[in-house]
Amino acid sequence: MLSEGTLGAVWGPSLAVLPTRVPREPGCTASGLGPISTSTSILTGLCFVRAPRARFWFIVSCVYVVGLTGAFGRPPVSGSSLLLCGSGSCRTVLAVAGKDFCVVASDTRLGLGYSIPSRKVSRILKMTDKVVLASSGMQADMMTLHKTLRMRLVKYQQNHQKDMSLTAASQMLSNMLYTRRFFPYYTFNVLGGIDEKGEGWAYGYDAIGSHEKVSAVCSGTGQTLIQPVLDNQIEFKQQWGAPKVDLSLEATVELIRDAFTSAGERDIYTGDYVEICKITKDGVEVEEFQLKFD
């Protein structure tokens, strides 16, 4: 699947100016250029783009990049966190599936550069009593995606007189993201739930709908900190010769709490609270776990 750092290549050559690394020097903007240099670069580019249609998309791309990366004075953020957090959209989400359950969790901190506009913003969407979605990425795109999903879910329920299954929900989400592949929702989603056989499964998505059915998946700014823990403790990777043991629901929730607590110590965009949705055959139970506020 595509990560945040490689998404610029999907949008085509017009977005090739999107930076992947951001300098740390004081006074340097997100693009590495000052406001005057940035404007000069855009005007210079227009001189070489002669075709009206190409010139239009060049301008749109430049405006989008400048707005997304905060080229006019927002605090610099290094690495792939730039795209997530420079637009006020930092979050860590995960989904862990068990034999007959699934747990979907997300922290509630909304980050904007080095600021915290809000400490309690939910990014979890309860699609049905057996399917839950959590989204990291741009806050505006996440809200638009969830709004569209709610509309699709109501339409499906009215047409078929039943709730959407986990398999159908996973494919619908993939189709919705793929149809926007040329100007995608900047969201990185995890979907979890119980299928028709009563088994728990999790799905991980990139921004254009490519997805994978797995036992554990994490996305967002804390992905590099939490995913190795899930691989080792849930799927027993790197434990050569050790018998694989299915964790209980209680043990899985405790592991998720420890993972978020640890990530909060290293990732400034993960913190405040964690929403934990426990999905079983009886429905969805939501609990809240408090993290550090600093």
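Picking from residues in region 141-167 that are crowded, with 16+ Cβ neighbours inside 10 Å and among the hydroxyl-bearing types (Ser, Thr, Tyr), the one that is nearest to residue 198 (Cα to Cα) is 165. Here 292, 213, 278 are screened, and the one residue that is in a loop (DSSP other than H, G, I, E, B) and either open to solvent by 40 Å² or more (accessible area, probe 1.4 Å) or over 23 Å from residue 111 (Cα atoms) (or both) is 292. Quick one: how many residues across region 232-263 are buried (at least 18 other Cβ atoms within 10 Å of the Cβ) and not aliphatic (A, V, I, L, M)? Qualifying residue count for the region: 3.
Do you know which residues across region 169-207 are among the charged types (D, E, K, R) and either free of Cβ contacts under 8 Å to residues at least 24 places away in the same chain or outside the structural domain of residue 134 (by TED's automatic domain parsing) (or both)?
The first filter runs over region 169-207 and keeps only residues among the charged types (D, E, K, R), leaving 180-181, 195-197, 199, 206.
Of everything in region 169-207, just one residue is among the charged types (D, E, K, R) and either free of Cβ contacts under 8 Å to residues at least 24 places away in the same chain or outside the structural domain of residue 134 (by TED's automatic domain parsing) (or both), namely 197.
Among the criteria (1) in contact with a helix residue (DSSP H, G or I) (Cβ under 7 Å, 6 or more places away or on another chain); (2) under 26 Å from residue 294 (Cα atoms); (3) charged (D, E, K, R), the one residue 130 does not fulfil is (2).
The values are calculated or read from the model by the stated rules, or taken from the named source; none is laboratory data. The model shown is predicted, which means the values in this text are computed figures rather than measured ones. Neighbour counts are summed over all protein chains in view; Cβ atoms, including those assigned to glycine, are modelled from backbone coordinates with ideal geometry. Quick note on the areas: whole protein, heavy atoms, side chains included, nothing else; ligands and nucleic acids left out. Shrake-Rupley method; radii C 1.70, N 1.55, O 1.52, S 1.80 Å.
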